[in-house]
Amino acid sequence: MIARIRAVALVPALSVLLALVVGALIMIATSPMVIDEFSLVLPLQAYAAMLSGSFGSVDAVVNTMVNATPLVLAGLAVAVGFKGGLFNIGAQGQFLIGGLSATAVAVSMNGASPLVAVPAAMIAGMIGGAAWGFIPGILKAYTGAHEVVVTIMLNSVAYAVISWTISGPLIGDGVTFARTDDIVAAALPVMIGRNGHLGILFAAAAVPIALWLLYRSTTGFEIRTTGANPDAARYAGMRPRAVIILTMTLSGLLAGLAGTTEILGEVGYMTASYSTGVGWDAIAVALLGRAHPVGVLFAGILFGAMQAGAGNMQILDLPVQMVDLLQAVILLFITADIVVRRLFRVRESAGDIVELASVSRSYGGGAV
């Protein structure tokens, strides 16, 4: 088991290390523009500030968990798609539609009991995300339409739907800009610290559920088999069309749950121009986590820690965009892992992420 864990985790760990080195070199090179002098210790100070801001206190740890919650859920959404041989680049749209659906139910139940409003809003968010994932799934299964193309277009449609809905039917009373009323009854209760809401538990529970679904259930076996070889799955008596639809629907459900926890737990309302990068970051989280639920959990915590500690870096006059740069470089090394392997002389192993083939592969006529 130790050898297996090492094989799976080695390249991601080395990718993170290389990203930190690249970030340090950039900080050193730009230090004269930041602190008016050339400094070799600026990266150490920056990383120490980031670590303090993400794990240096109880509130810092809570902020890390809060930031990690939607990343873990959306990362699981992309990972489930990978296991089914599908590149779900539409987690962004599913995240937004899930948040919108939850908001619509939440603001309509502001006078209800939280015991009723919270479950209703959560279920609505999951249904909204699942429906947005069902669309590319059924188009993929019955027409061969590539899920990447369809989900990219649906991301744009999601932005338009949110803009129209919140500027019209859901616009709040007496607001100064296009936004909904505040969410009251359906707001997720804070359990720890200043903002440690109930959604953290949903993310924590989703990991073992996804692990069981993918590796201990018949449905998970069918998803992984269809993702590896749809023709073999059909020969074995499985139905690739149904599995494709189910996979994308489950993926959308998880992304919708991510949007729901962010809106109900953190934001408290939704604007017509609501924008987030969680759906895009989820792709990096899924790849860094090797499309495995446990790996996604650790990758989500890492990215959440970076975001939580970004504010402390500003004390050193470093822009918060440095975190975006680090995440982008991590993704670069993950997708171009041959560079990491050659640099550290790491041999290929069973731990390699075969799901990367989903980025360019399509079932096409095979699924039909």
Output the number of the condition that residue 347 fails; it satisfies all remaining conditions of (1) surrounded by fewer than 18 Cβ atoms within 10 Å (Cβ to Cβ); (2) assigned to a helix (DSSP H, G or I); (3) of a type outside the set (Asp, Glu); (4) modelled with pLDDT under 75.
(2)
Taking the condition of a type outside the set (A, V, I, L, M), part of a helix (DSSP H, G or I), touching a Phe, Trp or Tyr at 6+ places or on another chain (Cβ under 9 Å) and within 18 Å of residue 134 (Cα to Cα), does residue 249 pass?
yes
Going by what's in this entry, would residue 38 be described as free of Cβ contacts under 8 Å to residues at least 24 places away in the same chain, of a type outside the set (Gly, Ala, Ser) and either within 15 Å of residue 303 (Cβ to Cβ) or in a loop (DSSP other than H, G, I, E, B) (or both)?
yes
Applying the selection to segment 209-230, what residues are surrounded by fewer than 15 Cβ atoms within 10 Å (Cβ to Cβ), in a helix (DSSP H, G or I) and among the hydroxyl-bearing types (Ser, Thr, Tyr)?
215, 218, 219
Working carefully through the options 206, 187, find the one that is under 26 Å from residue 162 (Cβ atoms), in a helix (DSSP H, G or I) and in contact (Cβ under 8 Å) with a residue 12 or more places away in the chain.
206
Exactly one of (1) touching a helix residue (DSSP H, G or I) at 6+ places or on another chain (Cβ under 8 Å); (2) farther than 30 Å from residue 262 by Cα; (3) of a type in the set (S, T, N, Q) is unmet by residue 63. Its number?
(2)
Kindly indicate which of 239, 234, 194, 179 is among the charged types (D, E, K, R), surrounded by fewer than 14 Cβ atoms within 10 Å (Cβ to Cβ) and modelled with pLDDT under 95.
194
Picked from segment 79-98 (must be over 14 Å from the mean Cα position of the chain (by Cα) and assigned to a helix (DSSP H, G or I)), the residue surrounded by the fewest Cβ atoms within 10 Å (Cβ to Cβ) is 83
Residue 266, sole failed condition from (1) within 30 Å of residue 165 (Cβ to Cβ); (2) modelled with pLDDT of 95 or more
(2)
Looking at segment 251-263, is at least one residue closer than 16 Å to residue 151 by Cα and hydroxyl-bearing (Ser, Thr, Tyr)?
yes
The residue from 53, 125, 129, 137 that alone is touching a helix residue (DSSP H, G or I) at 6+ places or on another chain (Cβ under 7 Å) and under 23 Å from residue 215 (Cα atoms) is 137
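Yes/no per residue for (1) over 21 Å from residue 311 (Cα atoms); (2) without any contact (Cβ under 8 Å) to a residue 12 or more places away in the chain; (3) of a type in the set (Phe, Trp, Tyr):
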position: 14; (1), (2), (3): yes, no, no
position: 20; (1), (2), (3): no, no, no
position: 30; (1), (2), (3): no, yes, no
position: 52; (1), (2), (3): no, no, no
position: 59; (1), (2), (3): no, no, no
position: 66; (1), (2), (3): no, no, no
position: 77; (1), (2), (3): yes, no, no
position: 83; (1), (2), (3): yes, no, no
position: 87; (1), (2), (3): yes, no, yes
Number of the condition not met by residue 281 [criteria: (1) closer than 22 Å to residue 173 by Cα; (2) assigned to a helix (DSSP H, G or I)]:
(1)
Filter result (in contact with a Gly (Cβ under 8 Å, 6 or more places away or on another chain) and either of a type in the set (D, E, K, R) or surrounded by fewer than 24 Cβ atoms within 10 Å (Cβ to Cβ) (or both)) within segment 106-131
107, 126, 127, 131
Yes or no: segment 139-152 includes at least one residue that is in contact (Cβ under 8 Å) with a residue 60 or more places away in the chain, charged (D, E, K, R), surrounded by fewer than 22 Cβ atoms within 10 Å (Cβ to Cβ) and not in a loop (DSSP other than H, G, I, E, B).
no
Regarding segment 53-69, can at least one residue be identified that is within 19 Å of residue 252 (Cβ to Cβ), assigned to a helix (DSSP H, G or I), modelled with pLDDT of 90 or more and among the hydrophobic types (A, V, I, L, M, F, W, C)?
no
Residue check, residue 112 assigned to a helix (DSSP H, G or I), touching a residue at least 24 places away in the same chain (Cβ under 8 Å) and not β-branched (Val, Ile, Thr):
no
Quick one: in segment 266-290, which of the residues that are small (Gly, Ala, Ser) and surrounded by fewer than 24 Cβ atoms within 10 Å (Cβ to Cβ) is nearest to residue 204 (Cα to Cα)?
284
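The values are calculated or read from the model by the stated rules, or taken from the named source; none is laboratory data. Predicted, not measured: the structure shown is a model, and the values here were computed from it. All Cβ positions, glycine included, derive from the backbone under ideal geometry; neighbour counts span all protein chains shown.
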